[in-house]
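Worksheet: the structure to be examined is printed underneath.
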Amino acid sequence: MFFKKLLLAYPRLASPPTLSDAAISSGWRGRQPRITLMSKVGVLINLLYKVGVPANLIVCFVAFLNIASAQPYVPAKGKVFNDSVVSRVDIIIDPDSLNEILTNVFSNHEFPATFIFNDGVNIDTVYNIGFRLRGNTSRTAGKKSFKVSFNTFVHGQKFSGIEKMNLNGEHNDPSIVRSKLFWETGERMRLPFNRSNHVELYINGNYYGLYINVEHEDENFLKARYLNNWGNYYKCLYPADLAYLGTNPDNYKITSGGRRVYNLKINDVADDYTDLKNFITKLTFGSGNVYQNDLEEVFNVNSFLRIYAFDILTGNWDNYAGNMNNYYLYHNPETDKIDYIPYDVDNTYGIDFLGHDWGTRDIYNWQTTGNRQLITQLFSYQDYRDRFSFFMNKMIQGAASSSQMNPLIDSIQTLIDPYVVNDTYHTLDYGYTYNDFIDSYTQALGGHAPYGLKPYITTRNANSISQLVLNNVAPIFSETRHIPYTPYAGDSVYIKSWVEDENVVSNVYLKYKIGSAGILNSTLMYDDAQHYDDKSGDEIFGAGIAGQSYGDTIFYYLENTDGAGNTGREPRLGFKEIIIGQQPQLFINELMASNSTSVADNFGEYDDWFEIYNAGANTDMHHIFITDDFTNPGKWNVGDTVMNTNGFMLLWADEQQEQGRHHTNFKLSASGEQIAITEYNGIAYRFIDSLTFGQQVTDVSIGCYPDGTKPIINLSPVTPGYSNVVNGINDVKTNLLLTVYPNPANSFLMINNSLIADNNSFEITICNVLGGKVFSLKNQNRVDVSNLTVGVYVIELSINHQLFHSIFVKQ
């Protein structure tokens with residue numbers, strides 16, 4: 001009967017309703033589906049409500065859906081990167097702005113424009129986008145490359161989930177396919193590579209030629225690959241050689257050409273390079289098994305060896321190994337390891353500007369100049385060298401083989417051929433004709449194109465096979481992780497890992513114990529899609545450990561012995577640890593959705609704000625998110641900070657993240673909406689607390705009284721960043737209470753404390769609501785506040801080794 005009602009309700013689907021606060025904040029501990037399914041799950045939740053399914057059963061059903069899902073390493077193509085068609089991109093821009101862009105080629109100034117996307121099925125228009133040139137050497141080329149920024153002039157604006165679009169002219173490549181081929185083949189090998197496709201570009205109705213649309217490497221890129229995006233993310237450009245520069249993290253903020261060599265793109269406000277320093281330190285010092293174990297704790301060695309092997313097969317020399325250039329380092333918070341990610345790969349598959357034959361070069365001595373210690377250190381260990389050889393051989397026999405590459409190349413060439421005929425810009429830099437385009441797939445054109453595309457692949461693969469030294473490798477464990485990675489009491493914990501060997505892998509074991517003195521248990525891991533192991537038969541194995549108690553520590557390692565008697569182990573030494581934690585007790589404690597004159601932020605702006613209260617243990621916040629859209633539970637990440645017990649955090653809902661880490665990417669609606677705190681656990685989002693509110697009154701806050709307690713009431717006074725429990729008129733109950741008057745104050749403020757009369761040594765400090773010191777004075781109980789801007793302030797009296805606090809309002 002239930003499914004009959006489900007089918008009857010299906011045609012009537014609408015936008016999903018809001019779950020009740022009670023269902024979310026007190027009852028919702030089930031796992032949400034992974035974020036790529038959230039929009040569909042929102043519709044499903046709505047459907048279940050329509051047929052009368054209770055909220056607690058919906059929670060269970062949604063949790064069941066999540067158990068069947070798995071983390072993809074490569075996301076679906078989607079509309080923007082659909083490579084089965086050549087979509088049309090139109091840019092409509094003021095002619096004077098376009099002339100400025102094409103004249104001042106080294107400027108990154110973005111001009112407003114209109115963007116139109118036509119994939120042959122739908123036509124989408126996005127207004128007020130930013131448009132500029134992109135690239136380095138291509139800026140002076142006849143066929144230039146462009147960047148489209150959807151969020152430059154409209155905060156938070158996206159097109160089909162992306163904020164920026166890279167339109168690359170590929171002026172070096174006569175076949176206009178090499179970078180697409182690189183990204184596409186890498187995706188088939190499960191490498192964390194960019195999505196890409198071909199598009200035809202028109203500017204103000206004029207055809208600018210065939211372009212490759214390459215996914216922008218930003219927080220959206222990371223979230224699509226790792227389902228997290230709040231770790232440090234470094235863009236590494238020449239001369240990024242990963243050389244050791246000392247123990248001070250700031251030493252790694254070196255510059256070249258007016259920009260940082262290791263340019264932090266996420267968490268740049270904190271600007272903390274400690275993780276980069278730690279990685280390079282581990283890379284530089286140590287020896288033997290301990291060195292390898294320590295390096296593997298902070299760096300994804302296997303992923304780098306795979307990418308390096310693929311770089312060599314594709315002749316990608318404009319990278320770390322060749323030019324100390326064009327790569328990202330991402331500190332993945334799920335694994336606590338740094339991942340290496342390449343970008344800008346048009347100089348591949350035989351293209352050469354350095355005078356080297358990339359088709360025949362020795363695969364074990366491939367870098368050309370200088371010391372690349374990441375390579376020299378890894379290759380000094382035989383098992384790393386053997387893994388590199390194993391990965392390369394696997395690629396040559398699989399996705400990088402001519403038998404798989406040639407059909408892919410033919411299909412792309414057939415698709416793009418009609419769009420090259422009239423691409424006059426393609427002829428501007430090297431005189432390439434349409435016939436050159438056709439010939440380039442099978443013939444050398446001379447100059448920087450000494451290979452035809454297919455002959456390069458044949459030559460490189462044949463030479464690599466002749467150079468390969470293949471020794472039996474011990475089973476290789478990669479991408480090991482536990483799910484959830486913030487387990488609580490009662491949660492089952494699943495371990496999964498990608499396990500490879502020369503032969504079919506079997507009998508992979510998870511060895512674990514509870515507590516350091518516990519009994520060592522052994523359980524088989526499975527590749528059957530039933531143990532959080534992704535797809536059946538994909539070399540990813542999983543196994544579960546039953547729920548434990550709060551405070552327990554799970555110690556584990558993975559082990560497999562192959563048919564040749566070689567044993568692989570993860571980690572190399574000792575155990576990995578999983579600590580069973582306590583569910584965060586975080587609350588939306590106070591908010592103001594219509595702030596006119598009440599509280600100013602650190603830029604003097606009267607924006608929406610809300611406050612989080614921590615009623616539980618000290619909480620690491622880098623897994624904590626805030627959202628005003630329950631179908632997008634990971635909308636804004638709080639960041640890498642810790643909230644102490646009984647602590648308060650003031651956040652500005654202003655869509656101005658550039659103003660600091662306490663500013664969110666959404667606003668509150670004065671007409672009423674919903675807001676929730678969620679936690680990401682590795683594959684899913686748990687709802688911790690939520691608050692639904694209606695029409696709001698300007699400069700009136702609502703919140704919990706006492707702190708963290710529902711129902712929500714109007715609060716007086718306004719206490720952003722502090723307890724809602726007050727004594728008297730406007731005194732906030734903190735450590736020790738201080739009475740001040742008049743409150744609100746206009747010109748001056750008087751301090752009323754009996755200790756002042758008996759003591760000639762005390763200090764008064766005035767702070768803003770973010771804790772920033774405004775000014776201080778000594779031995780005066782009359783405080784001049786006439787020069788303060790209107791808003792809420794904290795006053796602190798320090799006397800006889802005691803601290804007294806209060807909040808006052810400056811009118």
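The values are calculated or read from the model by the stated rules, or taken from the named source; none is laboratory data. Bear in mind that the values here come from a model prediction, so they are computed numbers and not experimental data. Neighbour counts are summed over all protein chains in view; Cβ atoms, including those assigned to glycine, are modelled from backbone coordinates with ideal geometry. Each accessible area value is taken on the protein alone, full model and side chains, heavy atoms only, with ligands, DNA and RNA left out. Shrake-Rupley method; radii C 1.70, N 1.55, O 1.52, S 1.80 Å.
Structure notes:
- Panel values: segment 623-675, Kirkwood radius from alpha carbon pairs, Stokes-Einstein at 37 °C and 0.692 mPa s, translational diffusion coefficient 273 µm²/s.
- Annotation: extensible slack from T739 through R188 equals 191.6 nm (criterion: 0.36 nm per residue apart, minus Cα-Cα distance).
- Added length on full extension, which subtracts the Cα-Cα distance from 0.36 nm per residue, I116 to T255: 46.2 nm
- Using a probe radius of 1.4 angstrom, the carbon and sulfur fraction of the accessible surface of the chain is 50%.
- Segments 694-704, 712-722 sorted - mean Cβ within 10 Å per residue, highest first: 712-722, 694-704
- For segment 310-354, backbone nitrogen atoms closer than 16 Å to the point 7 Å from Q404 Cα along Cα-to-C-beta are found at 310-314.
- Rg/Rh (Cα only; Kirkwood hydrodynamic radius) as it applies to segment 546-623: 1.34
- Rounded if a/c under 1.5, otherwise prolate or oblate - segment 356-398, Cα gyration tensor axes: oblate
- Legend: calculated FRET efficiency, Y207 to S671, from the Cβ-Cβ distance at R0 = 60 Å, rounded to 0.05, equals 0.85.
- For segment 181-237, the solvent-accessible area with a 1.4 angstrom probe is 18 square angstrom per residue.
- Taking the C-alpha atoms only, the angle from helix 288-298 to the longest principal axis of the chain is near 60 degrees.
- Kirkwood Rh, angstrom, segment 411-503 [1 / mean 1/r, Cα pairs]: 18.5 Å
- Between K77 and A546, the simple spin-label model (points 7 angstrom out along Cα→Cβ) gives 4.7 nm.
- Peptides 471-483, 301-313 ranked from most to least packed give 301-313, 471-483, packing being the mean of other C-beta atoms within 10 angstrom over each peptide's residues.
- Nearest-ten-degree value, helix 178-188 long axis tilted from longest Cα axis of the chain: 70 degrees
- Theoretical FRET efficiency, 1/(1+(r/R0)^6), r = Cβ-Cβ of D271 and T433, R0 35 Å, to 0.05: 0.10
- Taken over segment 403-461, the ratio of Cα radius of gyration to 2.2 N^0.38 Å equals 1.17.
- Averaged per residue, segment 408-457 has 45 square angstrom of accessible surface, using a 1.4 angstrom probe with ligands and nucleic acids left out.
- As a ratio to 2.2 N^0.38 Å, the alpha-carbon radius of gyration computed for segment 159-253 takes the value 1.37.
- Estimated inter-spin distance, S380 and N365, nm [label 7 Å along Cα→Cβ]: 1.8 nm
- Candidate lysines for bridging to K143, where Cα separation is under 19 Å - those fewer than 8 sequence places away on the same chain excluded: K180
- For segment 224-257 versus segment 423-439, the spacing of their alpha-carbon centroids is 38 Å.
- Between helix 38-50 and the chain: long-axis angle, C-alpha atoms, 0 to 90°, nearest 10: 60 degrees
- Residue by residue, segment 583-600 carries 3J(HN,Hα) couplings of 4, x, 10, 9, 9, 6, 9, 7, 8, 9, 9, 8, 10, 9, 9, 7, 9, 9 Hz when phi is fed to the Karplus relation 6.51 cos²θ - 1.76 cosθ + 1.60 (θ = phi - 60°); x denotes Gly or Pro.
- A full extension of the chain between R139 and A564 corresponds to an added length of 147.5 nm, given 0.36 nm per residue minus the alpha carbon distance.
- Cubic angstrom per residue, convex hull over Cα atoms of segment 73-136: 128 Å³
- Restraint check, K667/K810; K77/K253; K265/K513, Cα-Cα greater than 29 Å: K77/K253; K265/K513
- Helix-only mean residue ellipticity at 222 nm for the chain, each DSSP H run of n ≥ 4 adding -39500 (n - 2.57), per residue, nearest 500: -6000 deg cm²/dmol
- Burial ranking of peptide ranges 334-340, 560-566 (average Cβ count within 10 Å, highest at the top): 334-340, 560-566
- Mean accessible surface per residue for segment 533-692, computed with a 1.4 Å probe while every protein chain stays in place, in Å²: 34 Å²
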